[in-house]
Amino acid sequence: MQMPSTRTRIIAGAAVLAAVGVTAVGAVAVAAPDNAARSGAATAVQAQNVVATDHLTVAAAAKAAQAALAAAEKADQHVSVAVVDRNGNTLVTLRGDGAGPQSYKAAEEKAFTAVSWNAPTSTLVKRLEQAPTLKDIPGTLFLAGGAPVQAKGAPVAGIGVAGAPSGDQDEQFAQAGVAALNG
């Protein structure tokens, strides 16, 4: 019988070691929760170390986005609408029929800007006169068309609309999305 080549023996040995390693890691992972429970290790964070925040639900975000898009369609405008949560994460984005390719990203950035400063982006545009470097903050867009959504006086989301011929129109459509959440 012929002896396997060195290469074959190395590959076979590596496969055996990998199998043993996976088995050992699996055994440790399965045993870990029991060991932690036996040692009395705390698994929960103390309440004073946690901050609770309000967030818009996905259903509410979809409702707001649909209302903003419907307002734009009623005005015969082709726009994109984005709704972001309090942390600036996109919840919903709708690209209306015929909306320009740039409108999708612009809507997200307007929504992010509105929730970040808890103000309509048309108001924030005026702040650039005193602080022109605000526009350099990544992910922001200081053009009219973004509106914050508030709950209990704090921002919980932002709605951004982009694609209409004017930012004022974009912002009217965003405000229609906010109004849909209040009705």
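The values are calculated or read from the model by the stated rules, or taken from the named source; none is laboratory data. Quick caveat: nothing in here was measured; it's all calculated off a predicted structure. For neighbour counting, all protein chains shown are included, and Cβ atoms are generated from backbone atoms with ideal geometry for every residue, glycine included.
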Hey, residue 110 farther than 24 Å from residue 63 by Cα and not acidic (Asp, Glu) or not: no
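Mind listing just one residue for me: the one in the range 19-65 that is in a loop (DSSP other than H, G, I, E, B) and at pLDDT below 75 and, of those, farthest from residue 174 (Cα to Cα)?
Per the criteria, the residue is 40.
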Residue pairs meeting the criteria (Cβ under 8 Å; at least 6 apart or on separate chains; first within 21 Å of residue 150 (Cα to Cα), in the range 105-134; second polar (S, T, N, Q) and surrounded by fewer than 17 Cβ atoms within 10 Å (Cβ to Cβ)): 108/90; 111/90; 118/150
